[in-house]
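Peer 1: Have a look at this one before I ask anything.
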Amino acid sequence: MPLSTLLKALPPIPSHPAPCWEQLRRAPIEDNGERLVPMSLAPAPVSVFPAYARLGIPGAVSECFVREGVYRALLAAARSLPEGIGLIVLDGWRPWRVQQYLFDTLHEAIHHHHPDLSEAELLERTREFVSVPSRDPLAPSPHLTGGAVDVTLCDADGLPLDMGTLFDEALPASHSDYFEKLEMLTTQQHKARDNRRLLYHTLQQQGFTNLPSEWWHFDYGDQLWAYYGPHDHAQYGPAELDTIESRWRRQLG
């Protein structure tokens, strides 16, 4: 099917309310024990660009790690894309230090531009784009589980497609359904809307859920996935990279 025909056939991205974090964090976690694997192992049409490491974020790793189930689902999604379209993985598992840095940085930026916001309002605005850092085994931050992933689409040359905003732009226009709500779209906005639809529905067909405030953020197996699925439990709790030290401790313990 030609790409233009496929895009015309895609339905709008549905509107979903922001998550109730207190409710979703009550979803039980039954970790299936899957390991973290590097997305750089994946063949084309998957490419990896570890955005936070390239931006020099303290503690960011120069690889995009995800749980094995996420790896396979992303690869299946990429292989289902139209010819000439690829998937770029921008971020997956994060160390807690990176989550804390992102939260603090956005919190401070919002406070600087909106000094009159109450602390509750400031927290709500920050959590729209960065979840509260948590290593709680019963309520971990999504990216600490290896089940949350940030992705975008690219053309045959590997260049990112226009999605209407850049990755991690903390703007209303970054909401997944933003262009669905506009009555009149420019030609450029129409292209961005169609690209978002393609990304959304491609990943949804492989079992991913989307965070409504971020067109790039998808979940598989974590508590956000359980919340929006809906599923009765999450499959992934907090995860850590397998290091030589941790291997020796298991072997000699």
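The values are calculated or read from the model by the stated rules, or taken from the named source; none is laboratory data. This is a predicted model, so every value here is computed, not measured. Here the Cβ positions follow ideal geometry from the backbone for every residue, glycine too, while neighbour counts run over all protein chains shown.
Peer 1: Could you tell me whether Pro140 is touching an Asp or Glu at 6+ places or on another chain (Cβ under 9 Å), farther than 16 Å from Asp219 by Cα and touching a residue at least 12 places away in the same chain (Cβ under 8 Å)?
Peer 2: no
Peer 1: Going by what's in this entry, would Ile88 be described as of a type outside the set (Ser, Thr, Tyr), crowded, with 23+ Cβ neighbours inside 10 Å and over 28 Å from His233 (Cβ atoms)?
Peer 2: yes
Peer 1: Could you list, in sequence order, the residues of segment 210-226 that are closer than 20 Å to Ser134 by Cβ and crowded, with 22+ Cβ neighbours inside 10 Å?
Peer 2: Scanning segment 210-226 gives Leu211, His217, Phe218, Asp219, Tyr220, Gly221, Asp222, Gln223, Leu224, Trp225, Ala226.
Peer 1: Looking only at segment 61-77, count how many residues are crowded, with 20+ Cβ neighbours inside 10 Å and either without any contact (Cβ under 8 Å) to a residue 60 or more places away in the chain or among the acidic types (Asp, Glu) (or both).
Peer 2: So the answer is 1.
Peer 1: Taking interchain pairs and intrachain pairs at least six residues apart, which have beta carbon atoms under 8 angstrom, with the first residue in segment 226-253 and closer than 30 Å to Gln205 by Cα and part of a loop (DSSP other than H, G, I, E, B) and the second modelled with pLDDT under 80 and among the small types (Gly, Ala, Ser)?
Peer 2: From residues that are closer than 30 Å to Gln205 by Cα and part of a loop (DSSP other than H, G, I, E, B), the pairs are Glu240/Ser246.
Peer 1: Does segment 212-229 include one or more residues that are aliphatic (A, V, I, L, M) and within 27 Å of Pro45 (Cα to Cα)?
Peer 2: Yes.
Peer 1: Under 6 Å between Cβ atoms, at least 6 apart or on separate chains: pull out the pairs that start in segment 186-203 with a residue that is touching a residue at least 12 places away in the same chain (Cβ under 8 Å) and end on any residue that is assigned to a helix (DSSP H, G or I) and among the hydrophobic types (A, V, I, L, M, F, W, C).
Peer 2: From segment 186-203, the pairs are Gln189/Phe179; Arg193/Phe179; Asp194/Leu7; Thr202/Ala77; Leu203/Ala77.
Peer 1: Can you list the helices (runs of 4 or more DSSP H) lying wholly within segment 1-79 that have 1 or more residues being under 17 Å from the mean Cα position of the chain (by Cα) and more than 27 Å from Phe129 (Cβ to Cβ)?
Peer 2: The qualifying helices (runs of 4 or more DSSP H) are 68-79.
Peer 1: Which residues, counting only those in segment 143-172, are without any contact (Cβ under 8 Å) to a residue 40 or more places away in the chain, touching a helix residue (DSSP H, G or I) at 6+ places or on another chain (Cβ under 8 Å) and part of a loop (DSSP other than H, G, I, E, B)?
Peer 2: Within segment 143-172, just Asp162 meets the criteria.
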